[in-house]
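A.B. asks: Structure in structure tokens, see below.
The values are calculated or read from the model by the stated rules, or taken from the named source; none is laboratory data. Predicted model only: the values in this text are computed from it and were never measured. Here the Cβ positions follow ideal geometry from the backbone for every residue, glycine too, while neighbour counts run over all protein chains shown.
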Ligand code: HEM
């Protein structure tokens, strides 16, 4: 027994020394001193992120290295963040995700889906105006179902979970069609696919202390051996409905010939691709494609929406001003309460509120990128291939010259005169990344959030149960929406 422990200990030390010997000898950014080998800065980074990074930035400048989870990570501040986002030949966001999240093993056919952004653009984003009425209809009926009339005040805790179901309704409608999206289990799959899969992101990468990447390697083995795969139950639900729906569409088309009414959705566009074989439909591949879009769209939009609702519930003093704007906008609605697509441009105060909410999400670092090849920053510091870089968001968001006066305070109409809508990527606002790979779905997401909030502000009064400003839940450098109670009450017109 003792021999095994001693051997294990020697092995860990040997791997640690080997790893340090492998570290390159470029003109690297300064590595902040640390007291405890192996642990390095992990503890301070997780439990005292804001103060710790502020101190590092003050002492060591815009780019510095930390030793976290058994490896050197590079933190890049405001002066060089844009360099990272604009050089996609050097810095890669998706490769960094692959290093911590085994999405490619979870969705087995994923490697064949290479034109994600192009498909998204052609099948969905270019048709946003066309999908306008459907988006609103399904958002409004999902809101009625999930929040209800609220004739009596209703307290909702963990509003993120409920909003995920509301946000999923129009996305499911546009992706898999009017018919399948009526099924409760489809909405649940859209709503829960991401949070279930994210279990691999929630496990602290303890094994990386032994060797960088070991945790991801073990997670991948668990998936490959079929021991556990949280995506499977959702893929099975998607495949079950896709089978019925695709067969039905193929039969309807054959039976009705010229008079066939073509369904409009992502699924139909997929069925009209050149390599779609009606006699040998590749259901797992279609389910995996849907999985990718569910993964990128639902959690991001729902958490942004939940934060915006809680931010407003925390600051009821802005409710009346936003209500008046929405009342004015609503004059453009038709007899069924549906707004023209162009009405979104008139929700200027609401848009600014959402941008402020996104700006102050509370992420201290983020947008991790993998380094594809050795690179020399414009200040002469060099970073080696294979390392990971994190952008230091807080450095950008608390800077007065970039954000204007009182950068830390929530000022909902801060962006009103600056003519920068919530979906616009600028160098002082990294919610949607930047450069060539900036989020292509950002306009879609903001439209959906604006339509939802338009409806919610007109229908309800809402406030935090505590009557106070509720902060986000902090998870190291990241946050998630607060689970506080939000009181909804039917608005007396
Ligand atoms: C508020 C909601 C959303 C936020 C905050 C968000 C944020 C982001 C961020 C930060 C990136 C990485 C950008 C970069 O590498 O510079 C990204 C990428 C991406 N997002 Fe979003 N996103 C949201 C909603 C959506 C929606 C609704 C869709 C689809 C309908 C979508 C599709 C994508 C895709 C396909 C990529 C990968 C782009 C590429 O690698 O070229 N996102 N998103």
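A.B. asks: Can you tell me which of 427, 442 is more than 9 Å from the ligand (Cβ to nearest atom) and either within 19 Å of residue 301 (Cα to Cα) or in contact with a helix residue (DSSP H, G or I) (Cβ under 6 Å, 6 or more places away or on another chain) (or both)?
C.D. replies: Testing whether each residue is more than 9 Å from the ligand (Cβ to nearest atom) and either within 19 Å of residue 301 (Cα to Cα) or in contact with a helix residue (DSSP H, G or I) (Cβ under 6 Å, 6 or more places away or on another chain) (or both) leaves just 427.
A.B. asks: Follow-up. If you go through segment 143-158 one residue at a time, how many are closer than 25 Å to residue 233 by Cβ and either within 16 Å of the ligand (Cβ to nearest atom) or touching a helix residue (DSSP H, G or I) at 6+ places or on another chain (Cβ under 7 Å) (or both)?
C.D. replies: Of the residues in that region, 1 qualify.
A.B. asks: Residue by residue through segment 383-424, note down the ones that are closer than 24 Å to residue 56 by Cβ, touching a helix residue (DSSP H, G or I) at 6+ places or on another chain (Cβ under 9 Å), touching a residue at least 60 places away in the same chain (Cβ under 8 Å) and assigned to a loop (DSSP other than H, G, I, E, B).
C.D. replies: Answer for segment 383-424, where residues must be closer than 24 Å to residue 56 by Cβ, touching a helix residue (DSSP H, G or I) at 6+ places or on another chain (Cβ under 9 Å), touching a residue at least 60 places away in the same chain (Cβ under 8 Å) and assigned to a loop (DSSP other than H, G, I, E, B): just 392.
A.B. asks: Just wondering, is there one or more residues in segment 395-414 that are within 16 Å of the ligand (Cβ to nearest atom) and either on the phi > 0 side of the Ramachandran plot or crowded, with 22+ Cβ neighbours inside 10 Å (or both)?
C.D. replies: Scanning segment 395-414, I find no residue that is within 16 Å of the ligand (Cβ to nearest atom) and either on the phi > 0 side of the Ramachandran plot or crowded, with 22+ Cβ neighbours inside 10 Å (or both), so the answer is no.
Per-residue answers, yes or no, for (1) closer than 20 Å to residue 485 by Cα; (2) free of Cβ contacts under 8 Å to residues at least 40 places away in the same chain; (3) within 12 Å of the ligand (Cβ to nearest atom):
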| residue | (1), (2), (3) |
| --- | --- |
| 272 | no, yes, no |
| 285 | no, no, no |
| 296 | no, no, yes |
| 302 | yes, no, yes |
| 306 | yes, no, yes |
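A.B. asks: If you don't mind, there's one more thing I want to ask. Restricting to segment 24-65, and then to whatever is under 24 Å from residue 205 (Cα atoms) and touching a helix residue (DSSP H, G or I) at 6+ places or on another chain (Cβ under 6 Å), can you tell me which residue is surrounded by the most Cβ atoms within 10 Å (Cβ to Cβ)?
C.D. replies: Applying the filter and picking the extreme gives 64.
A.B. asks: Within the bounds of segment 455-468, is there any residue that is within 13 Å of the ligand (Cβ to nearest atom) and over 19 Å from residue 301 (Cα atoms)?
C.D. replies: Looking through segment 455-468, none of the residues is within 13 Å of the ligand (Cβ to nearest atom) and over 19 Å from residue 301 (Cα atoms).
A.B. asks: Another one. Those residues that are over 22 Å from residue 293 (Cα atoms) and either free of Cβ contacts under 8 Å to residues at least 12 places away in the same chain or in contact with a strand residue (DSSP E or B) (Cβ under 9 Å, 6 or more places away or on another chain) (or both), I need them from segment 124-144; list them, please.
C.D. replies: 144 - this is the single residue of segment 124-144 that is over 22 Å from residue 293 (Cα atoms) and either free of Cβ contacts under 8 Å to residues at least 12 places away in the same chain or in contact with a strand residue (DSSP E or B) (Cβ under 9 Å, 6 or more places away or on another chain) (or both).
A.B. asks: Restricting attention to segment 132-142, which residues are surrounded by fewer than 21 Cβ atoms within 10 Å (Cβ to Cβ) and in contact with a helix residue (DSSP H, G or I) (Cβ under 7 Å, 6 or more places away or on another chain)?
C.D. replies: Across segment 132-142, the qualifying residues are 132, 134.
A.B. asks: Now for a different question. Would you confirm whether or not segment 365-377 contains a residue that is crowded, with 23+ Cβ neighbours inside 10 Å, in a helix (DSSP H, G or I), within 15 Å of the ligand (Cβ to nearest atom) and at negative phi?
C.D. replies: Looking through segment 365-377, none of the residues is crowded, with 23+ Cβ neighbours inside 10 Å, in a helix (DSSP H, G or I), within 15 Å of the ligand (Cβ to nearest atom) and at negative phi.
A.B. asks: Next question. Being touching a residue at least 60 places away in the same chain (Cβ under 8 Å) and within 21 Å of residue 360 (Cβ to Cβ) is the filter here; which residues of segment 48-64 pass it?
C.D. replies: 49, 50, 53, 54, 57
A.B. asks: Assess whether residue 249 counts as being loosely packed, with under 12 Cβ neighbours inside 10 Å, more than 16 Å from the ligand (Cβ to nearest atom) and either within 19 Å of residue 172 (Cα to Cα) or modelled with pLDDT of 95 or more (or both).
C.D. replies: No.
A.B. asks: Still on this structure, I have one more. Could you say which residue among 276, 285 is part of a helix (DSSP H, G or I) and touching a helix residue (DSSP H, G or I) at 6+ places or on another chain (Cβ under 9 Å)?
C.D. replies: Result: 285 is the single residue among 276, 285 that is part of a helix (DSSP H, G or I) and touching a helix residue (DSSP H, G or I) at 6+ places or on another chain (Cβ under 9 Å).
A.B. asks: Answer yes if at least one residue in segment 467-486 is at pLDDT 95 or above, surrounded by 17 or more Cβ atoms within 10 Å (Cβ to Cβ) and farther than 19 Å from residue 159 by Cβ, and no otherwise.
C.D. replies: yes
A.B. asks: Tell me, which residue of segment 107-129 that is surrounded by 13 or more Cβ atoms within 10 Å (Cβ to Cβ) and assigned to a loop (DSSP other than H, G, I, E, B) is farthest from the ligand (Cβ to nearest atom)?
C.D. replies: Top of the filtered list is 108.
A.B. asks: Right, something else. Picking from 185, 152, 133, 178, which residue would you name as being farther than 27 Å from residue 463 by Cα, more than 22 Å from the chain's Cα centre (by Cα) and not in a helix (DSSP H, G or I)?
C.D. replies: On inspection, the qualifying residue turns out to be 178.
A.B. asks: On to the next question. Take residue 98 and tell me if it is within 13 Å of the ligand (Cβ to nearest atom) and part of a helix (DSSP H, G or I).
C.D. replies: Here the answer is yes, as residue 98 does meet what is asked.
A.B. asks: A further question on this structure: Count, please, the residues in segment 226-246 that happen to be modelled with pLDDT of 95 or more and over 19 Å from residue 283 (Cβ atoms).
C.D. replies: Qualifying residue count for the region: 0.
A.B. asks: Separate question: Of these, 217, 228, which one is farther than 23 Å from residue 130 by Cβ, touching a helix residue (DSSP H, G or I) at 6+ places or on another chain (Cβ under 7 Å) and free of Cβ contacts under 8 Å to residues at least 40 places away in the same chain?
C.D. replies: Criteria check complete, one pass: 228.
A.B. asks: Listed residues 258, 321; which is assigned to a helix (DSSP H, G or I), out of contact with any strand residue (DSSP E or B) (no Cβ under 9 Å at 6 or more places or on another chain), more than 16 Å from the ligand (Cβ to nearest atom) and in contact (Cβ under 8 Å) with a residue 12 or more places away in the chain?
C.D. replies: Being assigned to a helix (DSSP H, G or I), out of contact with any strand residue (DSSP E or B) (no Cβ under 9 Å at 6 or more places or on another chain), more than 16 Å from the ligand (Cβ to nearest atom) and in contact (Cβ under 8 Å) with a residue 12 or more places away in the chain holds for just one of 258, 321, which is 321.
A.B. asks: Something else now. So residue 432 fits all but one of (1) away from the ligand (no atom under 16 Å from the Cβ); (2) in contact with a helix residue (DSSP H, G or I) (Cβ under 6 Å, 6 or more places away or on another chain); (3) under 30 Å from residue 204 (Cβ atoms); (4) without any contact (Cβ under 8 Å) to a residue 12 or more places away in the chain; what number is the exception?
C.D. replies: Tallying (1) away from the ligand (no atom under 16 Å from the Cβ); (2) in contact with a helix residue (DSSP H, G or I) (Cβ under 6 Å, 6 or more places away or on another chain); (3) under 30 Å from residue 204 (Cβ atoms); (4) without any contact (Cβ under 8 Å) to a residue 12 or more places away in the chain, residue 432 fails exactly one: (1).
A.B. asks: Looking at (1) touching a strand residue (DSSP E or B) at 6+ places or on another chain (Cβ under 8 Å); (2) assigned to a helix (DSSP H, G or I); (3) within 30 Å of residue 26 (Cβ to Cβ), which is the one condition that is false for residue 160?
C.D. replies: Failing condition for residue 160: (3).
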